[in-house]
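Here the structure comes first, spelled out in structure tokens, and everything after it is commentary.
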Amino acid sequence: MKSKCIAAFLIICLLIPIAAQASPKSQPLEVPIKKPYVDLISDVVYAQPDTYGYSNYPLEMDVLVPDTEETLPAVLFIPGGGFMSANNDKSIQQRMEIAEAGYVVASMEYRVTPQSSFPEPLHDVKSAIRFLRANAEKFHIDPEQVAVMGSSAGGYLSSFAGVTNGDSSFDTGMYTEESSDVQAVINLYGLSDLTKVGEGKPEDLAALHDSPSAPEAMWVNGPSVFGPGGSIHDNLEAADKANPISYVSEDDPPFLLMHGDKDNLVLASQTEILHEALAEAEVDTTRYVVKGAGHGGIEWVQPKVTKMLIDFLDDTLKEKK
């Protein structure tokens with residue numbers, strides 16, 4: 001028995017050098033610093049408006065803050081959701097890459113239909129912009145350089161924030177001593193004229209937008225149980241007030257509009273008519289149609305698209321500072 005133990009011990013001793021030789025060598029690794037460390041500050045309550053069933057409804061935002069002592073431009077991201085949801089977890093890839101490029105990026109939720117109707121969601125956007133300025137020191141924000149960016153319904157609200165610069169009628173709630181103006185707008189496949197959402201679609205799909213239960217109808221008129229109700233075409237005066245295209249002027253900030261040529265939910269004509277109206281007013285506007293892209297999807301997180309977003313922000317916020 002003793003001899004067997006000695007033999008096993010010798011075998012182990014012989015195997016140790018072999019195992020050591022098979023192990024990878026420890027080597028130094030040079031790590032060039034290419035991007036900043038980014039902190040996430042989540043569940044920040046920026047406003048407490050009322051909405052159906054709640055007199056004090058907390059609205060939250062998440063804020064990505066690069067770790068720096070410098071003040072940075074801010075980008076407020078407004079998510080889409082067909083006017084019926086506002087999930088501010090969306091577009092995390094784009095938001096993180098923009099933050100890594102040297103921006104404080106906040107992502108907000110807002111009131112939606114059928115619990116609320118226009119202009120309450122725009123009030124929320126304005127409140128979020130004012131909140132960021134009021135807390136500029138805390139988040140290392142340059143209050144003179146704030147942009148808005150959104151997709152779909154968020155693109156619509158982003159455009160609305162831009163075309164209502166200087167219009168205090170939409171400023172309600174807290175921090176009204178702060179400005180809600182923005183210095184740049186990014187609209188990704190957002191709406192511009194709610195009365196034309198169905199135009200260009202097949203007849204059966206276009207008919208859906210004539211319904212009082214269509215999201216854009218409830219967005220403007222509310223559900224018929226609690227408000228006037230009706231389709232988007234039943235109150236054209238109210239619809240006109242809820243269209244960003246109605247507010248375009250020469251004082252608007254630079255716009256970047258992008259739309260997919262395969263978008264069957266919000267047709268590319270929606271950003272086209274806004275681009276044309278902005279250009280006619282001599283506003284700095286650029287529009288791209290992304291080949292093969294639909295309403296969201298993998299094309300929108302590709303490096304080429306993200307680089308164009310960052311380049312636009314650099315040109316409008318950093319280069320003009």
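The values are calculated or read from the model by the stated rules, or taken from the named source; none is laboratory data. Computed from a prediction, not measured in an experiment: that's the story for all the values here. Please note: Cβ atoms are built from the backbone with ideal geometry, for glycine as well, and neighbour counts cover all protein chains shown.
Remarks
- Checking residue 69 against (1) under 25 Å from residue 188 (Cα atoms); (2) over 11 Å from the mean Cα position of the chain (by Cα); (3) assigned to a loop (DSSP other than H, G, I, E, B); (4) touching a residue at least 40 places away in the same chain (Cβ under 8 Å), the condition it does not meet: (1)
- In segment 212-228 there is no residue that is assigned by TED's automatic domain parsing to the domain that holds residue 113 and in a helix (DSSP H, G or I).
- Of all residues in segment 48-66 being assigned to a strand (DSSP E or B) and at pLDDT 95 or above, the one that is farthest from residue 140 (Cα to Cα): 59
- Qualifying residue in segment 282-289 (condition: crowded, with 18+ Cβ neighbours inside 10 Å and within 20 Å of residue 92 (Cα to Cα)): no
- Of all residues in segment 274-298, those being in contact with a helix residue (DSSP H, G or I) (Cβ under 7 Å, 6 or more places away or on another chain) and assigned to a helix (DSSP H, G or I) number 2.
- Some residue of segment 94-109 being surrounded by fewer than 18 Cβ atoms within 10 Å (Cβ to Cβ) and either modelled with pLDDT under 95 or closer than 25 Å to residue 259 by Cβ (or both): yes
- Filter pass, residue 153 being within 29 Å of residue 52 (Cβ to Cβ) and crowded, with 24+ Cβ neighbours inside 10 Å: yes
- Every residue from segment 25-60 that is over 21 Å from residue 95 (Cβ atoms) and assigned by TED's automatic domain parsing to the domain that holds residue 131: 48, 49, 50, 51, 52, 53, 54, 55, 56, 57, 58
- Filtered residue count, segment 198-233, keeping only those that are out of contact with any helix residue (DSSP H, G or I) (no Cβ under 8 Å at 6 or more places or on another chain), of a type in the set (D, E, K, R) and at pLDDT 80 or above: 2
- Considering segment 108-156, the residues that are charged (D, E, K, R) and assigned to a loop (DSSP other than H, G, I, E, B) include one that is farthest from the chain's Cα centre (by Cα), namely 111.
- Scope segment 299-321; condition over 16 Å from residue 158 (Cβ atoms), in a helix (DSSP H, G or I) and of a type outside the set (A, V, I, L, M, F, W, C); matching residues: 299, 303, 304, 306, 307, 311, 314, 315, 318
- Output for segment 208-231, where each listed residue is over 16 Å from residue 195 (Cβ atoms) and within 27 Å of the chain's Cα centre (by Cα): 213, 222, 223
- Within segment 25-47, the set of residues being outside any loop (DSSP other than H, G, I, E, B) and not charged (D, E, K, R) comprises 38, 40, 41, 42, 44, 45, 46, 47.
- Once segment 72-104 is narrowed to residues that are assigned to a loop (DSSP other than H, G, I, E, B) and among the hydrophobic types (A, V, I, L, M, F, W, C), the residue that is nearest to the chain's Cα centre (by Cα) is 86.
- Total residues in segment 233-281, condition in contact with a strand residue (DSSP E or B) (Cβ under 6 Å, 6 or more places away or on another chain), surrounded by 20 or more Cβ atoms within 10 Å (Cβ to Cβ) and charged (D, E, K, R): 1
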